[in-house]
Each structure stands twice: as C-alpha cells, then as structure tokens.
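What follows draws every value from the coordinates through simple rules; no lab data is involved. Everything numeric here is computed off the predicted structure, so don't read it as measured data. Cβ sites come from the backbone with ideal geometry, for glycine too, and all protein chains shown count toward neighbours.
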Amino acid sequence: MKTYKVAELLLSEDFHKEVKVNGWVKSFRANRFIALNDGSTIKTIQCVVDFEKMDAALLNKVTLGAAISVIGNIVESQGSGQRVEIQVNQIHVYGEANPDEVSKTVLQPKRHSLEFLREQAHLRPRTNTFGAITRVRSALAFAVHEYFQKNGFYYINTPIITGSDAEGAGEMFRVTTLDPSNPPKDEHGQIDYKEDFFGKETNLTVSGQLEAEVFAMSLGQVYTFGPTFRAENSNTSRHLAEFWMIEPEVAFCELDGNMDLAEDFIKYVVNYALSNCEEDLHFLEERLLNEEKSKPQTERSEIALMEKLRFVTENNFKRVSYTEAIEILKNSKPNKKKKFKYLIEAWGADLQSEHERYLVEKHFKCPVILFDYPASIKAFYMRLNEDGKTVRAMDILFPGIGEIVGGSQREERFEVLREKMAALDIPEEELWWYLDLRKFGTAPHSGFGLGFERLVQFVTGMGNIRDVIAFPRTPKNAEF
Ligand code: 4AD
Ligand code: MG
C-alpha cells in the first residue's frame, strides 16, 4: 500500500480509497480525533477513530508527539474546516512520547517563546512556526539556484578553509592543526601560527568572492551559495557567526549592471516564495498580526507580511549615492522621542543602522540601493571612481532588516589595485593570484553578496536571525 503525504491527502478526491500515512500526533481529542502532521504541510489531517473497535492499550499510546502510522479510508469530512479526513482501520505506534515530559517541552499546545524554543533544538522543528520557516527557507534556496541556472550562471564551490581575508576586516576564525600542549615556537619563543594548517596560516572563509572572481574571469557568470563565517562578537538580531551567503560574480559588468542583477534576483526569489509558500506565509502573517496586537497602538505596523513582500516585487528600489544620502541625513530632524538620532557628523562617516533605517523606513519608504561610498570605509578590492575618493560599492538596505546585500564593481586595473593593497599593508605574497588575475586579460567585473538568513528573515517576517536557521551559531549559542 502506498504511503501518502498529508499534503497530498488533503487535496485527494479518491474517496473511500484505503491509504497509509505516517506522522506525529499534534492532538488526540475525545479518544476519537487524531490530528496528524508529517511536515509536508503546516496543516494536519484528521484521523477519526472508532474507539469501541480499537484496542484501548494501543490508543493510550497515541499521545501528543508520538510517531504513528495510520491505515484508513479517505472520506469526506463532516466537520467544518477540512474537506477530507481518514476513517481509521489500523494504527501502528512507532515511538511513544511520554505525555508528562512532552507537556514540559515545545509540543504542548500552549505557545512558547522563541527564546525557549531555541533551547529545544531537537523539538523546535515540530512547532508550526519553525516548520513554516524551514519550508520557506528551503523554497527560497531552490529559487536562488533556479534564478541563476535559468540566467546562464554556473554554480561554483569556493573553499571553506582559506589563507586569505577577503574582506580585510580581520574577523576570521583561525583553523589550526597545532597541538595546544606543544605548539611550535618562533625565535622569540612565541607560538608560531605560520605553522597553523600543516605549515600555512589559515582561517574559515568570510566570503567566496575573491575565488569567484577567478571563475567569473573565465566562465563569465558564476555564483556561490555556501556557509561563511565571521568571528565578530556581535549579539544582534541580524548577525550570526556562521551564515549562508549567495555571491554572484559577473565579467564585463559594471556597477549599474550589478544593481540591476541584484534587484531582479531579489524580486524573483521573493516572488517565488509568494507563489509557492502561500499556506506557510499566511500562517506567519497571522502570527505577526497577533504579535502586533500585543503592542501599543502607535507602534503597530499596518502592513501585513504578504503585502510587504508584494510591494518589494512590484516597485523599483530607490538608487541613491552615499553623498546624496548624507545630505538627506544632515537635513533630517531628530525624532522627538529620541528613538533615532538621524544626524550624521560629516561626509566620510560610516552609516550606522539607525541612519540606514531612517533612509529606508522613514524617508524613502522602500528598499534603497546606496552606491559610491567613500573608499576609506570600504574593502580594498572595490573599483576606485574618477574622483579618486569614492568607490563603486553598493549596499542594498531593506525595511526591518537593514543591509541585505553588499557588493561592488571590482578594481580590475593591476597598478591601481597594487597601490591600494600597498597603502593598506596587504602583503602581495598572500594575494599574488588575485593581483595576477589583472595581468591576464583583465576586464571590468562586478558581484555582490546576499546574506541568506537576512533574506529568509525578510520573507518570513521573523525579528531575530536566530529563528531562521536550524542551529544558530552566535557567541552564546554553539551547544548543539
Ligand atoms: O557586506 P559583506 O561583508 O560583503 C562581502 O562579504 C562581499 N565579499 C560580498 C561580495 O561582494 N561578493 O557581506 C554580504 C552580506 C551582507 O550584506 C549581509 O546580508 C550578510 O552578507 N552578512 C551577514 N549575515 C548574517 N550574519 C553576519 N554576521 C553577516 N555579515 C554579513
Ligand atoms: Mg557589508
């Protein structure tokens, strides 16, 4: 007998057919109605038991959280709220779940805080909220590949252990084979980290960009989609120590083309979620609306989740230069409630998240692409503009999220790049291959990095980045 998924059965028209379905018990009411979920949908299928014909000892094992299989006939449901149900003929219990223990865990119907659920890593995916997020995340990952594959990009895998610091920010996790009890020492008696990885100083990658550039300069259009690591000790709702990044890189492409690509790509994947994850997004939207109701009237958001997503897919992102943004911020009035201090000191300063939020949420009220940043606050590889002080960088800022994309046109001129590296004390011996790439048929090229979890956060409306990844890695969270 074929085993069906709950999602399939809910759409079935094959009334009276006998089917088998596996899953976990979400509730068992009146010794008669089992609500069964198998992860294929946020919904449950109702399995109706004739308890007089069933073994009472077996039914005692059908408790919240238990893993069971049901064989029964598909029938039209008498109750409201569902079209079909299963008239149960047989039940098999695979794994019991102790009701007393279960009631202390996430599986009890009462809602738990998201913080509490993070500590129940093994049971968190059984909740409606995390189940929905996981399905949306998976659909978005598929859409990412679909977009690039349809548009002539090749998927490449860049190394996770690397000798280079792509961002030059020094926020790297060291990878070492040193024996801590007997580390090699240099002539001054200090630990010789040059011996780290069988003789080479290495770290976990912060970005696959530099390696992606190598492939873009031969295959034309490539993208990476993999884990990246940042050893920054930031405890915010937007930062993880381990996150997934999508990094396209395109030859013969300048900054304008890069902005077009990023905007088109984001619209595509958000649209994909809207068309393919309706049930889950609807559930997440309801969840957010309930959350809003508990806030004071003045702080409630009026826009529902799916409307917010549709807005992004249907409207142009606003493109603004860093210099224009500074003028806007200089002329802004600080918020009376002092929640934001919009004012920025001077041209050249890096934007803080409150400045970004002001531009996106208060001033433009739509996604914003900021470009042409001061060279001094951006990475060494960005293409210097003719003014000699700004670089062809772009950041995409999203409402409620802040920076979702960071990218740039790359410095393709050998001498200019060499001077820039020298000025920043970046040793040529470490990046000789990157510099050399500019000697053999160099060309303008561009790319960007999109933080996948920030995208999932935007699409699911989740406030904390820890709630959109299965096992979040943050300074205080690496137990399991
Ligand atoms: O702006 P970033 O640091 O840019 C780069 O790494 C470039 N090499 C990308 C490129 O041009 N190929 O990071 C890119 C994006 C950010 O905009 C943000 O969405 C995400 O990665 N990101 C993080 N997400 C979660 N936790 C963190 N600690 C993140 N740091 C960056
Ligand atoms: Mg950035």
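The charge dipole of the chain, taken about its Cα centre with unit charges on the Cβ atoms of Lys, Arg (+1), Asp and Glu (-1) only, comes to about 1940 debye. For the residue pairs Lys330/Lys378; Lys295/Lys378; Lys200/Lys267; Lys5/Lys150; Lys333/Lys389, the C-alpha atoms sit more than 32 angstrom apart in Lys295/Lys378; Lys200/Lys267. Modelled this way, with points 7 Å down the Cα-to-C-beta line, the labels at Gln78 and Glu415 are 8.9 nm from one another. Neighbour counting of Cβ atoms within 10 Å sorts the residues Thr323, Thr236, Thr129, fewest neighbours leading, into Thr236, Thr323, Thr129. Solvent-free Debye calculation, one equal scatterer per alpha-carbon of the range 357-480: log10 I(q)/I(0) at 0.21 Å⁻¹ equals -1.10. Length gained on full extension, Lys362 to Lys2: 124.1 nm, using 0.36 nm per residue less the C-alpha separation. Taking 0.36 nm per residue of separation and subtracting the current Cα-Cα distance, fully stretching the chain between Lys389 and Asp186 would add 69.0 nm.
Applying Stokes-Einstein at 20 °C and 1.002 mPa s to the Kirkwood radius of the range 1-147, computed over alpha-carbon pairs, gives a translational diffusion coefficient of 132 µm² s⁻¹. Helix 128-150 axis versus longest C-alpha principal axis of the chain: approximately 50°, rounded to the nearest ten. Modelled spin labels at Ser301 and Ala57, positioned 7 Å past Cα toward Cβ, are 5.4 nm from each other. Scalar couplings 3J(HN,Hα) for the range 295-306, obtained by applying the Karplus form with A = 6.51, B = -1.76, C = 1.60 to θ = phi - 60°, are 8, x, 3, 5, 9, 6, 7, 8, 8, 7, 3, 5 Hz; x denotes Gly and Pro. Remark on the range 199-253: hydrodynamic radius 12.7 angstrom, per the Kirkwood mean of 1/r across alpha carbon pairs. The residue among Ile328, Ser207, Leu114 whose Cα reaches farthest toward the positive pole of the charge dipole of the chain, with charges on the beta-carbon of Lys, Arg, Asp and Glu, is Leu114. Estimated from helical segments only, the mean residue ellipticity of the chain at 222 nm is -8500 deg cm²/dmol, where each DSSP H run of four or more residues counts as -39500 (n - 2.57).
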